[in-house]
Amino acid sequence: MEEHGDGAATILVVDDDDLVLKTLNVLVSTLGYRCLSAANGLEAVDILRKTKCDIVLSDLMMPQMDGIELLKYIIRNHSDTDVIIATGYSEQTSYADVIKAGAIDFIKKPIDQAELEAKLARALRERYMIRKLEALSMCDGLTSLLNRRAFDLRFPREVERAYRQNYRLFLAMIDIDNFKEYNDTHGHDEGDKVLIALGDIMKISTRNSVDLCFRLGGDEFAVLLPQTTATQATEIVQRILLRYVESDFGGTTLSIGIISCSRDRSLPLSSDIATMQKRADQAMYDAKHSGKNCVVCRV
């Protein structure tokens, strides 16, 4: 899916009246947004499949697929896209009906430029705040890595994406050896410093904007490594291991298990994910049983 990278929000306007569509395109573009146009709901669906849109501004009454049907499609398939419904003054659908159906706002036609500007600005401001809160809820407060909640959401998505786009995905599970003894000897503040340091090492050792680093809880960490080979994935986690050992945290080392995450379509996704996690945990335990301070790869 195409994403627009210049920072401007992408607004998709949908209306079966060509003059209204052209007018809205000019209005939205004048406000500084990237504007896309669709003459009906089916065209809008096609655009949404190819391009990430922040907001859809859709007419209510359209042939083939009306605004409410388009709204329901977007809610099911593009949960990150918000919808504003536009209706003519003669149409009977109320603000409450549209909001109940899942739209974030409602605007009457003919559309007033000042009202449209205010509604788009408010919608985008709310989107920003919601995304900011979501990001905070996915972040581990101590290490600033992604947290367990983020892992549980992202891992299934990454497995499905790797399957659809036909590339390899690896999961590495990382556990700090002798961490309890270190905590008992040096205190929890010093233990926290070890966790923070490992988080920093994971960030600098992995590929920026490609790999995903998580703290799952306690001294358990994980890395998702997409679009790589078994050799490359192992090299990345070995960098983590070596940099950690070089930091010399009082007898603590790392045990790392790494597995290939190939989707088994005979299983439901949830069962397949659970099986992968068990395999990764087992590989990590095999590393511990092999004397710790090592990487075990199970392709």
Next item on the list: Provide a single number: the residues in the stretch 99-123 that are of a type outside the set (K, R), out of contact with any Leu (no Cβ under 8 Å at 6 or more places or on another chain) and either buried (at least 16 other Cβ atoms within 10 Å of the Cβ) or within 17 Å of E69 (Cβ to Cβ) (or both).
Entry: 5
Checklist line | Of all residues in the stretch 139-186 being touching a helix residue (DSSP H, G or I) at 6+ places or on another chain (Cβ under 8 Å) and without any contact (Cβ under 8 Å) to a residue 40 or more places away in the chain, the one that is nearest to G199 (Cα to Cα) | finding: C139
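For K72, are the conditions met, namely being over 30 Å from the mean Cα position of the chain (by Cα) and either hydroxyl-bearing (S, T, Y) or surrounded by 13 or more Cβ atoms within 10 Å (Cβ to Cβ) (or both)?
On the way: over 30 Å from the mean Cα position of the chain (by Cα): no; either hydroxyl-bearing (S, T, Y) or surrounded by 13 or more Cβ atoms within 10 Å (Cβ to Cβ) (or both): yes.
For K72, the condition - over 30 Å from the mean Cα position of the chain (by Cα) and either hydroxyl-bearing (S, T, Y) or surrounded by 13 or more Cβ atoms within 10 Å (Cβ to Cβ) (or both) - is not met.
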Item checked: Any chance K108 is assigned to a helix (DSSP H, G or I) and out of contact with any Lys or Arg (no Cβ under 8 Å at 6 or more places or on another chain) -> no
Checklist line | Residue, surrounded by the most Cβ atoms within 10 Å (Cβ to Cβ), within the stretch 124-140, restricted to residues that are hydrophobic (A, V, I, L, M, F, W, C) and assigned to a helix (DSSP H, G or I) | finding: L124
Next item on the list: Tell me which of these Q238 doesn't satisfy, since it passes every other one: (1) in a helix (DSSP H, G or I); (2) in contact (Cβ under 8 Å) with a residue 60 or more places away in the chain.
Entry: (2)
Note to self: Just the residues that are in contact with a Lys or Arg (Cβ under 8 Å, 6 or more places away or on another chain) and within 23 Å of V194 (Cα to Cα), please, taken from the stretch 226-248.
What the structure shows: I236
Notebook entry, point to check: Could you count how many residues in the stretch 226-235 are over 15 Å from V296 (Cβ atoms) and not in a loop (DSSP other than H, G, I, E, B)?
Noted result: 2
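Do you know which of the residues in the stretch 172-206 that are under 18 Å from L216 (Cβ atoms), part of a helix (DSSP H, G or I) and not hydrophobic (A, V, I, L, M, F, W, C) is nearest to the chain's Cα centre (by Cα)?
Step one: of the stretch 172-206, the residues under 18 Å from L216 (Cβ atoms) are 172-177, 179-180, 183, 191-192, 194-203, 205-206.
Retained after the next criterion (residues that are part of a helix (DSSP H, G or I)): 179-180, 183, 191-192, 194-203, 205.
When the remaining residues are screened for being not hydrophobic (A, V, I, L, M, F, W, C), the result is 180, 183, 191-192, 199-200, 203, 205.
On the way: K180: 33, N183: 34, G191: 30, D192: 27, G199: 20, D200: 21, K203: 18, S205: 21 Å.
Checked the stretch 172-206; the qualifying residue nearest to the chain's Cα centre (by Cα) is K203.
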Margin query: Show the residue pairs meeting these rules: Cβ distance below 7 Å; 6+ apart or different chains; first residue within the stretch 26-50 and surrounded by fewer than 17 Cβ atoms within 10 Å (Cβ to Cβ); second residue part of a helix (DSSP H, G or I) and of a type in the set (D, E, K, R).
Written below: L31/E117
Checklist line | Matching residues, the stretch 241-261, being among the hydroxyl-bearing types (S, T, Y) and either part of a helix (DSSP H, G or I) or free of Cβ contacts under 8 Å to residues at least 24 places away in the same chain (or both) | finding: Y244, S247
Notebook entry, point to check: Taking the stretch 207-223 as the region of interest, how many residues are crowded, with 20+ Cβ neighbours inside 10 Å and part of a loop (DSSP other than H, G, I, E, B)?
Noted result: 2
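So which of V28, V13, V45 ends up being assigned to a helix (DSSP H, G or I), within 12 Å of L120 (Cβ to Cβ) and modelled with pLDDT of 95 or more?
Working: V13 fails: assigned to a helix (DSSP H, G or I); V45 fails: within 12 Å of L120 (Cβ to Cβ).
None of the other options fit; the residue is V28.
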Check: Got at least one residue in the stretch 137-144 being under 19 Å from the mean Cα position of the chain (by Cα) and on the phi > 0 side of the Ramachandran plot?
Finding: yes
Margin query: When you scan the stretch 199-220, do you find a residue that is farther than 20 Å from D281 by Cβ and in contact with a Phe, Trp or Tyr (Cβ under 7 Å, 6 or more places away or on another chain), even just one?
Written below: yes
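Among R148, R161, which is within 20 Å of A283 (Cβ to Cβ) and either touching a strand residue (DSSP E or B) at 6+ places or on another chain (Cβ under 8 Å) or crowded, with 21+ Cβ neighbours inside 10 Å (or both)? Reasoning before the result, please.
Details: R161 fails: within 20 Å of A283 (Cβ to Cβ).
Answer to the check: R148.
The values are calculated or read from the model by the stated rules, or taken from the named source; none is laboratory data. All of these numbers come straight from a predicted model, not from anything done at the bench. Glycine gets a Cβ as well: all are built from the backbone with ideal geometry, and neighbour counts include every protein chain shown.
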